[in-house]
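Presented below is the structure to which this report refers.
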């Protein structure tokens, strides 16, 4: 299961020609996700942080022909986050 430290340290390739996501927007989402995972890692209860459903519904702004973080790489990490949050929420 992905940890708050792993998500906080996540790095993604910068892309310009192929589709990416706005870097600042992804950074903001990563910070919120890291806080949520840290909350659960410290034994916090569900319902006080962003949920798996909310992460899944987050619409990141796509980029093309300007710097962004690679969509496939970001999406793969988001899938891992959703999986981890679901596990915590089920406890």
* Say we look at segment 61-70 and pick out the residues that are buried (at least 18 other Cβ atoms within 10 Å of the Cβ) and at pLDDT 95 or above; which of these is farthest from the chain's Cα centre (by Cα)? -> 68
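Is one or more of the residues making up segment 72-91 touching a strand residue (DSSP E or B) at 6+ places or on another chain (Cβ under 6 Å) and part of a helix (DSSP H, G or I)? Spell out the reasoning first.
Filtering segment 72-91 down to residues touching a strand residue (DSSP E or B) at 6+ places or on another chain (Cβ under 6 Å) leaves 74.
Going one step further and asking which of them are part of a helix (DSSP H, G or I), we end up with 74.
Within segment 72-91, one or more residues are touching a strand residue (DSSP E or B) at 6+ places or on another chain (Cβ under 6 Å) and part of a helix (DSSP H, G or I).
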* Asked: For segment 76-91, does any single residue satisfy the condition of being within 11 Å of the chain's Cα centre (by Cα) and within 18 Å of residue 16 (Cβ to Cβ)?
  -> no
* Asked: Assuming residue 58 fulfils every condition listed in (1) modelled with pLDDT under 95; (2) over 17 Å from residue 21 (Cα atoms); (3) under 11 Å from the mean Cα position of the chain (by Cα) apart from one, which condition is it?
  -> (2)
* To do: Could you give me the residue pairs with C-beta distances under 7 Å whose first residue belongs to segment 8-33 and is closer than 20 Å to residue 65 by Cα, whose second residue is modelled with pLDDT of 95 or more and part of a helix (DSSP H, G or I) wherever it lies, and which are 6+ apart or on separate chains?
  => 12/73; 12/74; 13/73; 19/71; 20/71; 21/71; 21/74; 26/74
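When the residues of segment 60-71 are filtered to those that are assigned to a loop (DSSP other than H, G, I, E, B) and touching a strand residue (DSSP E or B) at 6+ places or on another chain (Cβ under 6 Å), which remaining residue is farthest from residue 39 (Cα to Cα)? Write out each step before concluding.
Filtering segment 60-71 down to residues assigned to a loop (DSSP other than H, G, I, E, B) leaves 60-61, 64-67.
Going one step further and asking which of them are touching a strand residue (DSSP E or B) at 6+ places or on another chain (Cβ under 6 Å), we end up with 60, 67.
Values: 60: 23, 67: 32 Å.
Out of the qualifying residues, it is 67.
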* Asked: Considering segment 34-57 alone, what residues qualify as being part of a helix (DSSP H, G or I), touching a residue at least 24 places away in the same chain (Cβ under 8 Å) and either loosely packed, with under 13 Cβ neighbours inside 10 Å or in contact with a helix residue (DSSP H, G or I) (Cβ under 7 Å, 6 or more places away or on another chain) (or both)?
  -> 34, 36, 37, 38, 40, 41, 52, 55, 56
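The values are calculated or read from the model by the stated rules, or taken from the named source; none is laboratory data. None of these values were measured; they are calculated from a predicted model. With ideal geometry, Cβ positions are generated from the backbone for all residues, glycine too; neighbour counts draw on all protein chains shown.
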